[in-house]
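Engineer: First the structure, which I've put down as structure tokens, then a few questions once you've had a look.
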Amino acid sequence: MEVKCRFLSHVVRKFLGLISSHNIPVYLIDPLILGLVDKDIEQIRSSPGGPSPECKYFCAPRDFTTFALLDKTWKPEVGLFRTAEKMGFQWLKIINKDPRLDGMDDLSGIEIPLHYIFKLASHAIHLVVFYERSGNYLWHGPLRLKQHMDRKFVPFRKLHFGRYPGAYEKPELLLVSIDDLKVQIPKNPSSFLEEMSHSRFLECRYREARAFFQLYPDDASLNAVEFRKKAKSLLHLAALTLNNLGVKFWLSSGTCLGWYRQCNVIPHSKDVDLGVFIRDYKADIIPAFQKAGLPLKHKFGKVEDSLELSFQGEDDVKLDIFFFYEEDDYIWNGGTQAKSGKKFKYLFPKFTLCWTEFVELKVHVPCETLQYVEANYGPEWKVPVKTWDWKSSPSNVQYNGVWPVDEWDDVIQIY
């Protein structure tokens, strides 16, 4: 066992030698090792890298060791693979389409390297290539084997990265000495590991969006262009404000439909819609938006029931934040009719959150987007509707009683 464990460390040492001989900067993202490192992070940060007698981290039993590579810090070169072979490594390169070129006008199909695997005897190094995307975040692609590839090259199912694409913030890196090996690691391993557990990324559905615009040509009027511009800057401001507060949010209602159906803001929608779980509500939300220059337009409901906030953006573009309540087998948000005090409830099947990119912003959407959109807009969601009544049009709306008159001052506030 001891020999096998030492061998793992030996493979990592060899790989780091290979990489540094070609001046390729990589950093360690292996969840198993980072988890161990995190327990001792203070000690590791403060130790200047003197010899450590035991092999504590890189000898932990595992099938792979995972490293990350930033695409822009190297140029793939034949020399690296020749050297790798001379050192006894077998290697596999996984390429796929570059989604950054996959815009509305271009499905170029240019392929880029997404993953490399370097195998030495029974251990393998998984090198994940990260690309910078226009929302100023890092993205890695899925690992999909082509027809001709050796499916038994390594136990692919055990890989920690590549089942789905993933999105990450750019990490600050720290050069540390672990088991006498100098490696770069994310400065805060625990927050990287937390990010990793919620990193799944959904690409916008460009092909379907293109088909949609062939049926329903896009509104290119000056009004539509202006509205989209305002909606985009409002969404950026809202994201900045909520991210600074540490409040998780996602694209909801018409904004989510626009992303899913046409990869863009729906020009006749007139507002930006966000969802937030009520458990993530913070009292500073209203003051933070007001400070950002978005005055409160209305506040309906209360934290315990059917809360929704609406802020006034530039001109007549408003930002609606709907708060979602979780029950055992469904999730719901509430609506209030100001003049009558009537309450409405919108039911959704349970969902989780994924990252996507929308109007050059890394934002969350429900991973189960189709079910979410269908709950809200019914099976005909693909057909644009210009007249929409929030009380009766949604297919998931239920009447939910009336607010008691003595609560109106509290639960129906219009500014």
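The values are calculated or read from the model by the stated rules, or taken from the named source; none is laboratory data. Keep in mind the model is a prediction, meaning the values are calculated, not measured. For neighbour counting, all protein chains shown are included, and Cβ atoms are generated from backbone atoms with ideal geometry for every residue, glycine included. Please note that ligands, DNA and RNA were not included when accessible areas were found on the heavy atoms of the full protein model with its side chains. Shrake-Rupley method; radii C 1.70, N 1.55, O 1.52, S 1.80 Å.
Engineer: Would you list, by chain and number, the aspartates and glutamates whose Cα falls below 18 Å from the Cα of K97, excluding same-chain residues fewer than 8 positions away?
Structural biologist: Answer for K97, where 18 Å is the Cα cut-off: D71, D105, D106, E111, E132, E203, E208, E357, listed by chain and number.
Engineer: Also: What is the calculated FRET efficiency for S392 to R82, with r their C-beta to C-beta distance and R₀ = 60 Å, to the nearest 0.05? Please report the intermediate quantities before stating the final value.
Structural biologist: Working: r = 68 Å, r/R0 = 1.14.
Efficiency computed from Cβ-Cβ geometry: 0.30.
Engineer: Now for a different question. Determine the relative contact order of segment 310-415: mean sequence separation of Cα pairs under 8 Å and six or more apart, normalised by residue count, in whole percent. Write out the running numbers ahead of the final one.
Structural biologist: On the way: 138 pairs, mean separation 25.3, N = 106.
Value for segment 310-415: 24 percent.
Engineer: Kindly provide the pair-distance distribution of segment 263-415 built from C-alpha pairs, with 10 Å bins from 0 and whole-percent values in order of increasing distance.
Structural biologist: All Cα pairs considered, the percentages come to 10, 37, 41, 12, 0.
Engineer: Which of the trypsin sites (Lys or Arg not before Pro) found in segment 351-415 are loop residues per DSSP with 10 or fewer other Cβ atoms within 10 Å of their Cβ? Please report the intermediate quantities before stating the final value.
Structural biologist: Numbers: sites: K362, K382, K386, K391; in loops: K382, K386, K391.
Filter output for segment 351-415: K386.
Engineer: Which trypsin sites (Lys or Arg not before Pro) in segment 119-157 pass both tests, a DSSP loop state and at most 11 other beta-carbon atoms within 10 Å? Write down the numbers at each step before the final one.
Structural biologist: Working: sites: K119, R133, R144, K146, R151, K152, R157; in loops: R144, K146, R151, K152.
Here the sparse-neighbourhood loop sites are K146, R151, K152.
Engineer: With a 1.4 Å probe and every protein chain left in place, tell me how much accessible area H198 has, in Å² to the nearest 10.
Structural biologist: 90
Engineer: For the peptides 25-35, 215-225, what is the packing order when you average, over each peptide's residues, the other Cβ atoms within 10 Å and list the highest mean first? Before the final figure, lay out the partial values.
Structural biologist: On the way: 25-35: 19.7, 215-225: 10.8.
Top of the packing list down: 25-35, 215-225.
Engineer: When the Cα centres of segment 10-34 and segment 219-298 are compared, how far apart do they sit, in Å?
Structural biologist: 41
Engineer: Taking only complete DSSP H runs, can you tell me which helices of the chain stretch 15 Å or more along their own long axis by Cα positions and average at least 0.0 on the Kyte-Doolittle scale?
Structural biologist: Details: long enough: 2-21 (29 Å, 0.51); 222-245 (35 Å, 0.25).
Helices meeting the criterion: 2-21, 222-245.
Engineer: With an 8 Å Cα cut-off and a minimum separation of 6 or more residues, compute the relative contact order for segment 203-414 in percent.
Structural biologist: Values: 368 pairs, mean separation 41.5, N = 212.
RCO, segment 203-414: 20 percent.
Engineer: Using unit Cβ charges (K, R positive; D, E negative) and no other charged atoms, how large, in debye to the nearest 20, is the dipole of segment 1-199 about its Cα centre?
Structural biologist: Numbers: 27 positive and 23 negative charges, 148 e Å.
The calculated dipole for segment 1-199 is roughly 720 debye.
Engineer: Pull out the extension gain between S197 and S177, defined as 0.36 nm times the separation in residues minus the alpha carbon to alpha carbon distance; nm, one decimal.
Structural biologist: Details: separation 20, 0.36 × 20 = 7.20 nm, distance 2.57 nm.
That works out to 4.6 nm of additional length.
Engineer: Accessible surface of C263 in the full protein assembly, 1.4 angstrom probe, to the nearest 10 Å²?
Structural biologist: That residue has around 20 Å² of solvent-accessible surface.
Engineer: Same structure again: Helix-only mean residue ellipticity at 222 nm, the chain, DSSP H runs n ≥ 4 weighted -39,500 (n - 2.57), per residue, nearest 500. What is it?
Structural biologist: Values: 11 runs with 117 residues, N = 415.
The helix contribution divided over the chain gives -8500 deg cm²/dmol.
Engineer: Sticking with this one: Starting from the Cα of E308, move 7 Å in the Cα-to-Cβ direction to define the label point; list residues of segment 342-372 whose amide nitrogen is under 12 Å from there.
Structural biologist: Under cut-off, by backbone N: 342-347.
Engineer: DSSP loop chymotrypsin sites (Phe, Trp or Tyr not before Pro) in segment 150-233 with at most 11 other Cβ atoms within 10 Å of their Cβ, which ones?
Structural biologist: Here no loop site has a sparse enough neighbourhood.
Engineer: Just grab the label-to-label distance for R6 and L347, each label 7 Å out from Cα along the Cβ direction, in nm (one decimal).
Structural biologist: 6.5
Engineer: Further, regarding this structure: With an 8 Å Cα cut-off and a minimum separation of 6 or more residues, compute the relative contact order for the chain in percent.
Structural biologist: Values: 720 pairs, mean separation 50.9, N = 415.
Contact order relative to length: 12 percent.
Engineer: How far apart, in nanometres, would the label points at E169 and D218 be if each is projected 7 angstrom from Cα along the Cα-to-Cβ direction?
Structural biologist: 3.1
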